[in-house]
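Have a look at the structure below, then the notes.
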Amino acid sequence: MNEIAVKIDAAIREKKFETDEILPGYEKLAAMFGGNMEEVRNGIGDLVYEGVLERVPSNNEQVRVRDPYLWDVVRGNHSFTGEAKKRGQKPGNKILTFETRKAWPQIMQRLDLAENEDVLVMERLLYADDKTVGLEFSYMPAKYYEGVTREMYEGGQSTFAVMEERGLIPDKGVDEISIATLEKREAELFGMDEGVPVLIRFRVTLSPAGIPIKGSRAIYLFRPGYELKI
């Protein structure tokens with residue numbers, strides 16, 4: 001980060017700017033912290049990338065102090081249930097959708113399904129100690145999940161536990177990562193502004209034989225970190 005970014009970050013840590021507070025314009029920041037407009041602009045950019053500041057969706061020229069998510073950084077396989085337990089919190093969920101649908105092209109391709117095969121679709125808000133940490137859609141090929149009901153997942157039950165009860169042993173996950181902005185409905189569910197950028201992860205879970213046994217699309221309210229051997 002450049003010198004201006006370091007000074008602004010220090011001011012935020014010293015509570016000279018509060019959470020969710022919109023910072024003054026670039027010209028005023030230049031007067032407050034020294035430097036020129038270009039240095040301020042670049043410094044603001046650094047702090048946005050670092051997760052200290054965020055753009056105001058309704059006015060991209062404005063930035064505000066980012067309100068840290070309940071889980072700021074999560075490492076590992078990003079299991080909501082597992083992460084809550086690891087942090088000594090109680091996992092929970094609220095199921096919004098649980099229904100059977102015909103597979104559509106994107107799901108057919110990702111889960112290796114034929115046309116007209118059925119998929120169980122579950123959408124649920126995920127909680128840790130009653131605080132929202134994410135929104136997840138699960139896509140389960142119906143042929144592998146006979147007899148599965150909504151009640152099996154309520155109250156924080158892990159999707160992996162239901163899978164393993166049916167002999168569906170997860171061996172590997174293949175992730176697709178993309179960036180999007182919150183649409184109106186999802187923003188309302190999270191109690192956030194429409195247009196806030198979020199990370200989307202689509203994961204295909206494979207059996208030891210390499211068969212896709214589940215898909216999931218998650219909207220993260222944390223910064224995921226991956227660990228790998230190098």
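Of the residues in segment 62-71, none is touching a residue at least 12 places away in the same chain (Cβ under 8 Å), touching a helix residue (DSSP H, G or I) at 6+ places or on another chain (Cβ under 8 Å) and exposed (fewer than 15 other Cβ atoms within 10 Å of the Cβ). Would you check which residues across segment 193-230 are touching a Ser or Thr at 6+ places or on another chain (Cβ under 6 Å) and hydroxyl-bearing (Ser, Thr, Tyr) and list them? Within segment 193-230, just SER216 meets the criteria.
Condition check: more than 20 Å from VAL73 (Cβ to Cβ), of a type outside the set (Gly, Ala, Ser) and either loosely packed, with under 12 Cβ neighbours inside 10 Å or in contact (Cβ under 8 Å) with a residue 60 or more places away in the chain (or both). Does PRO24 satisfy that? Judged against the criteria, PRO24 is not a match. Those helices (runs of 4 or more DSSP H) of segment 1-117 in which at least 3 residues are farther than 30 Å from ALA209 by Cα, considering only elements entirely within it, cover 3-13, 26-33, 37-50.
Residue-level analysis places LYS143 outside the set of residues that are in contact with a Leu (Cβ under 6 Å, 6 or more places away or on another chain), modelled with pLDDT of 90 or more and among the basic types (Lys, Arg). Here LYS214 clears all of (1) basic (Lys, Arg); (2) under 18 Å from VAL74 (Cα atoms); (3) part of a strand (DSSP E or B) except the condition numbered (2).
Quick grid of which residues meet (1) assigned by TED's automatic domain parsing to the domain that holds SER58; (2) part of a strand (DSSP E or B); (3) crowded, with 16+ Cβ neighbours inside 10 Å:
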position: GLY147; (1), (2), (3): no, no, no
position: GLU176; (1), (2), (3): no, yes, no
position: ALA180; (1), (2), (3): no, yes, no
position: ALA187; (1), (2), (3): no, no, yes
position: THR205; (1), (2), (3): no, yes, yes
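The residues listed here are LYS94, LYS90; of these, the one that is in the same structural domain as ILE169 (by TED's automatic domain parsing), of a type outside the set (A, V, I, L, M, F, W, C), surrounded by fewer than 16 Cβ atoms within 10 Å (Cβ to Cβ) and within 30 Å of ARG13 (Cα to Cα) is LYS90. Can you pull out the residues in segment 217-230 that are under 12 Å from the mean Cα position of the chain (by Cα) and either in a strand (DSSP E or B) or surrounded by fewer than 18 Cβ atoms within 10 Å (Cβ to Cβ) (or both)? Those that are under 12 Å from the mean Cα position of the chain (by Cα) and either in a strand (DSSP E or B) or surrounded by fewer than 18 Cβ atoms within 10 Å (Cβ to Cβ) (or both): ARG217, ALA218, ILE219, TYR220, ARG223, PRO224, GLY225. Take the residues of segment 89-138 that are among the aromatic types (Phe, Trp, Tyr) and more than 17 Å from MET163 (Cβ to Cβ): which is modelled with the highest pLDDT? The qualifying residue modelled with the highest pLDDT is TRP104. Within segment 153-169, residues that are within 19 Å of THR97 (Cβ to Cβ) sit with their Cβ atoms under 7 Å from residues that are modelled with pLDDT under 85, at 6+ positions apart or across chains, in these pairs: TYR153/THR159; GLY156/THR81; SER158/THR81.
The values are calculated or read from the model by the stated rules, or taken from the named source; none is laboratory data. It should be emphasised that the depicted structure is a prediction, and the values quoted were computed from it without experimental measurement. Positions of Cβ are generated from backbone atoms using ideal geometry, with glycine treated the same way; all protein chains shown enter the neighbour counts.
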